[in-house]
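This report concerns only the one structure given below.
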Amino acid sequence: MGKVKIGIIGAGSISQFHIHGYQQLPDVELTAVCDINEERAKLAAEKYGIPHVFTDFNEMLKSVELDGVSVCTWNNAHAPASIAALKAGVNVLCEKPMAMNAGQAEEMLKVSKETGKLLMIGFVKRFEDKTQLVKKLADNGEFGDIYYAKIGYTRRRGNPGGWFSNRELSGGGPLIDLGVHVIDLVRYVMGKPKAVSAYGNTFNKIASRTDIVQTGDYKAASNQGEDINNVEDAAVGVINFDNGATVTLETSWVQHVKEGQTYLELYGSKAGISLEPKVEISGEKDGMMIDWAPVVSFNDDFQTIFDREVAHYVDCIKNGTICRNPAEDGVEVMKILDAVYESAETKKDVKIK
């Protein structure tokens with residue numbers, strides 16, 4: 001095929017990382033951009049030299065020939081935009097979280113299978129150098145049987161505001177926004193075991209604290225719903241998998257911690273491994289306890305890993321390469337998120353099918 005023609009649905013902050021990735025590829029043509037905010041769509045088109053501008057993704061899909069789209073909208077539009085594109089015969093790279101809930105995600109997967117079009121989910125942390133190293137070590141049995149993991153993604157004052165804090169548009173707070181990253185990451189490194197149950201709780205004790213200077217974390221591009229904050233400040237959970245492993249989770253946008261952190265620790269029968277914030281391994285050798293770390297340079301800045309993700313997506317479209325982030329994985333993560341939210345409401349352990 002010739003140049004891969006790409007459309008962007010949603011021209012907010014995260015779309016800039018996708019667009020940069022596409023611009024690095026000589027076999028890609030950025031053809032159209034769509035946003036419900038016409039001014040924002042026009043600004044993106046002018047800045048990046050995109051010829052066609054739309055405010056309705058259905059109109060874009062009817063009017064312009066496309067090979068693929070990046071869906072970078074609010075969470076509540078992930079499913080309708082992706083499904084419309086797939087039905088129009090267009091491949092999709094959908095930002096995380098895959099949808100508002102597992103039901104929507106399963107419908108997206110169904111349509112992808114029916115149309116034979118690619119539906120890739122934006123689990124961008126899979127494209128980190130350190131993730132690929134640790135995944136290789138785990139697959140080679142270096143850690144033995146991984147039976148327990150601790151994951152977390154916390155902020156002190158990091159509510160993005162806007163649509164993020166409006167449940168009708170986002171589906172939830174830090175659990176669905178930040179927790180999705182580390183939940184997917186731990187499943188990926190462990191070899192994608194299936195979650196069988198979850199127990200969790202959410203907390204609304206502090207609110208967004210817009211009266212306090214924020215910590216410089218990610219901010220919503222749109223002020224839609226700026227006066228609404230009806231999502232959780234923080235969430236915790238325990239997830240059990242069919243391989244016998246248990247994972248504990250914590251995530252927050254607003255929490256009285258000294259500083260926010262991202263962490264992922266796995267414990268196996270042969271060794272323990274810390275993936276976040278840096279790779280460190282603890283184990284045994286020759287009758288002694290040892291700690292070691294790989295002496296390699298990780299090029300894992302935010303834009304670089306998005307560039308890799310986008311390049312992989314285009315490679316899948318153009319060359320039929322097996323997708324690293326298939327829709328099935330997105331569905332499984334959505335089931336876990338749904339179960340933790342349901343458990344928080346019911347105060348009961350929730351089974352996952």
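Tabulated data
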item	result
Given charges at beta-carbon only (K, R positive; D, E negative), |dipole| of the chain in Debye	320 debye
Potential extension, VAL196-ASP301 segment - 0.36 nm per residue separation minus Cα distance	34.4 nm
Mean-position separation - Cα centroids, segment 245-307 and segment 26-68, in angstrom	39 Å
For the chain, share of DSSP beta bridges that run antiparallel, in % to the nearest 5	60 percent
Separation of alpha-carbon centers, segment 103-179 and segment 1-20, rounded to whole Å	20 Å
Convex hull volume of segment 86-195 per residue (C-alpha atoms, cubic angstrom)	143 Å³
The chain: most fluctuating residue of GLY68, GLY144, GLY21 per GNM, C-alpha cutoff 10 Å	GLY144
Selection from HIS52, SER297, ILE183, by position along the positive dipole direction of the chain (Cβ)	ILE183
Principal-axis tilt of helix 102-115 within the chain, Cα atoms, nearest 10 degrees	60 degrees
18 Å tail of the calculated P(r), segment 1-110, as % of Cα pairs	43 percent
Under DSSP loop assignment and at most 12 Cβ neighbours within 10 Å, longest GluC sites (Glu not before Pro)-free interval of the chain	66-258
P(r), alpha carbons of segment 213-353 - 10 Å bins starting at zero, rounded %	8, 22, 34, 28, 7, 1, 0
Scaled radius of gyration (Cα, divided by 2.2 N^0.38 Å) that the chain gives	0.99
Estimated FRET transfer efficiency (ASN140, ALA88; beta-carbon r; R0 35 Å; 0.05)	0.25
Per-bin percent of Cα-Cα distances, segment 66-116 [5 Å]	5, 26, 36, 25, 8, 1
Length released on extending from THR246 to ILE228, taking residue separation times 0.36 nm less the Cα-Cα span	3.0 nm
Residues of type lysines that LYS335 reaches as a straight line, Cα spacing below 22 Å, ignoring anything fewer than 8 places off in the same chain	LYS96, LYS110, LYS113, LYS125, LYS150, LYS192, LYS194, LYS347, LYS348, LYS351, LYS353
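Throughout, read-outs are computed from the coordinates displayed, never taken from laboratory work. Quantities reported herein were computed from a predicted structural model and do not represent experimental measurements. Methodologically, a virtual Cβ is constructed for each residue, glycine included, from the backbone with ideal geometry; neighbour enumeration extends over all protein chains shown.
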